[in-house]
Amino acid sequence: MLFKRKTRKEQAKEEINNLKVQTRRKEKIKKENVNIKWVSQITILAFMISFCLSFISETTIPNLSLIFGILLTLIFVFLGVLFDIIGVAVTSSEEKVFHSMNSRKVRGADIAVKLKKNCDKVSNFCCDVIGDICGIISGASAATIASILALKFNLDPLLISILVAAITAALTIGGKALGKSFAINKSNIILYETSKVISYFYIIKRKKVKPAHK
């Protein structure tokens, strides 16, 4: 019995249908695992952090010198890139490495396992909440710096505003582009170092809530 050979078009159509079926299965799993409590918490947290940082930037930058204003803007850009690196590293790291380290009681390994198990939440917080908020605030800070430059050096406000915004955006996008490659290649070591830093705060917290002996 001879089997009819499928054409490339038919093979491609079959592959696309299989892809759609797999996507629907994943969507069903994600819908079942949607954490409404986490979504509510992260939305409120994003509002609070954004409000506080916006207040700080709007009240401090106009009263600062030009140099300190630029430094503050660069700090926001750096923080956005840094948290983006952490978010990507947690997502792309290997959990089994930290299970092995945790079994040998390596400092911060237990926290690394917790972060990896909740990588979707960690990535959401680092990349979306902190990263995007820093991007928004650095843009607002850049606009304030542009107005200071325009007044101080008698420059065209529109031109200087566009130039400063473009430089800020280029630094942010370029930094995140470099950071993502670095985070993927060094994901395990970045997660370990981050967890190690967090572990010091865990120790302080444990000391504070240490129960009194009778």
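Any read-out appearing in this document is the output of simple, stated calculations on the displayed coordinates, not a laboratory observation. Since the structure is predicted, the reported quantities are computational estimates derived from the model, not experimental observations. Ideal geometry is used to build each Cβ from the backbone, glycine not excepted, and the neighbour counts take in all protein chains shown.
Observations, loosely collected:
- Relative contact order %, the chain, counting alpha carbon pairs below 8 Å whose residues are six or more apart: 28
- Between C52 and K114, the contour length at 0.36 nm per residue exceeds the alpha carbon distance by 19.5 nm.
- Neighbourhood net charge (11 Å Cβ-Cβ; Lys/Arg +1, Asp/Glu -1) for G108: +2
- If you wrap the tightest convex hull around every Cα atom of the chain and split its volume per residue, you get 247 Å³.
- Rounded to the nearest whole Hz, the Karplus-based 3J(HN,Hα) values (6.51 cos²θ - 1.76 cosθ + 1.60, θ = phi - 60°) of region 154-169 follow the sequence 6, 9, 5, x, 5, 5, 5, 5, 5, 5, 5, 5, 5, 5, 4, 5, with x at glycine and proline.
- Label point of Y202 set 7 angstrom out along Cα-Cβ; within region 81-109, amide nitrogens under 13 Å from it belong to 98-99, 101-109.
- Rounded FRET efficiency, nearest 0.05, which uses the C-beta distance separating V21 from F182 and R0 of 41 Å: 0.70
- Over the chain: helical MRE at 222 nm, DSSP H runs n ≥ 4 each giving -39500 (n - 2.57), nearest 500: -28000 deg cm²/dmol
- Computing FRET efficiency as 1/(1 + (r/R0)^6) for S65 and I36, where r is the C-beta to C-beta distance and R0 is 30 Å, gives about 0.05.
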